[in-house]
1. Kindly evaluate residue 121 against the criterion of being under 14 Å from the mean Cα position of the chain (by Cα) and outside any strand (DSSP E or B).
2. Pull out all pairs, ordered by first then second residue, where Cβ-Cβ is under 8 Å, the residues are six or more apart or on different chains, the first lies in the range 119-135 and is closer than 22 Å to residue 155 by Cα and in contact (Cβ under 8 Å) with a residue 60 or more places away in the chain, and the second is of a type outside the set (A, V, I, L, M) and in a helix (DSSP H, G or I).
3. May I ask you to verify whether residue 23 is under 17 Å from the mean Cα position of the chain (by Cα), at pLDDT 95 or above and at negative phi?
4. Scan the range 43-66 residue by residue and report those that are in contact (Cβ under 8 Å) with a residue 40 or more places away in the chain and either part of a helix (DSSP H, G or I) or among the aliphatic types (A, V, I, L, M) (or both).
5. Could you tell me whether any residue of the range 56-76 is of a type in the set (Lys, Arg) and closer than 14 Å to residue 141 by Cα?
6. Quick one: which of 193, 151 is outside any loop (DSSP other than H, G, I, E, B), surrounded by 14 or more Cβ atoms within 10 Å (Cβ to Cβ), of a type in the set (A, V, I, L, M) and at pLDDT 95 or above?
7. Of (1) among the aliphatic types (A, V, I, L, M); (2) buried (at least 17 other Cβ atoms within 10 Å of the Cβ); (3) over 11 Å from the mean Cα position of the chain (by Cα), residue 142 satisfies all except one. Which?
8. Restricting attention to the range 40-63, and to residues there that are modelled with pLDDT of 95 or more and in contact with a strand residue (DSSP E or B) (Cβ under 6 Å, 6 or more places away or on another chain), which single residue is farthest from residue 108 (Cα to Cα)?
Amino acid sequence: MKRGGVVYKSEFQLYHEGRPFTVVVRNYTEADFDGLIQIQRECFPPPFPEDLWWSKEQLNSHVHFFPEGAICVEVDGEIAGSMTCLLVDFRPDDPPHTWEEITDNGFIRSHKPDGNTLYVVDISVKPASRKLGLGKLMMQAMYQTVVHLNLDRLLGGGRMPGFSRYASQMNAEEYVQKVVSGELKDPVVTFLLNCGRLPVRLEENYLEDEESLNWAALMEWRNPFKNKNIQINS
């Protein structure tokens, strides 16, 4: 199956508190770069390191190597969020990796056109727009890409920003288990669970992230059309 050349655009009306919004999920282009960098500033304020915000060089690399994995969401014509992915080869028993290693420091030159997994580099939504459910809309768009490209899964390392509050009481694995069971809520892990993603394993020293104590939960959504354990009788 030849991959590439997919142009994504989905437009619809969204309603929040009785007010209609025109929402468009589409591939981002060079014309969007300034808006995408502003989203990073708003989403990742200090103590998150500024050098981890997108640069125009990185964004150029995204649209060059894998434009299908570079999407944004507009609300009433204004960019309010973005999501970036690349293709990798992944097996659950692969060695641990960091965000820098698997994404080539965010430049995605590590993109493998014949990879089996759509890997999330970043997902960001402006704080003022988060009640609109835009993150889920972008995640659903990428699930459609997984199916369209006949991949095994969508995968990515989810930050665990609530962990630092509980680290003196439990380890990272216990924390994630409590989030999965619903005993605790985590701003990122709980969001990913609500999007249908499940933990595969934990990654230590995944990303410089004070709130998560550098931990991340590697979480996946598996392509339901590639589940070999399901038999359909006609």
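The values are calculated or read from the model by the stated rules, or taken from the named source; none is laboratory data. Remember, it's a predicted structure, so these values are computed and weren't measured experimentally. All Cβ positions, glycine included, derive from the backbone under ideal geometry; neighbour counts span all protein chains shown.
1. Numbers: under 14 Å from the mean Cα position of the chain (by Cα): yes; outside any strand (DSSP E or B): no.
The answer is no for residue 121.
2. From residues that are closer than 22 Å to residue 155 by Cα and in contact (Cβ under 8 Å) with a residue 60 or more places away in the chain, the pairs are 124/40; 124/43; 125/43; 125/135; 135/191.
3. Details: under 17 Å from the mean Cα position of the chain (by Cα): no; at pLDDT 95 or above: yes; at negative phi: yes.
Judged against the criteria, residue 23 is not a match.
4. Result: 43, 52, 57, 58, 61, 62, 65.
5. Taking every residue of the range 56-76 in turn, none turns out to be of a type in the set (Lys, Arg) and closer than 14 Å to residue 141 by Cα.
6. Of the residues listed, the single one that is outside any loop (DSSP other than H, G, I, E, B), surrounded by 14 or more Cβ atoms within 10 Å (Cβ to Cβ), of a type in the set (A, V, I, L, M) and at pLDDT 95 or above is 193.
7. All conditions pass for residue 142, except number (3).
8. Of everything passing the filter in the range 40-63, 63 is farthest from residue 108 (Cα to Cα).
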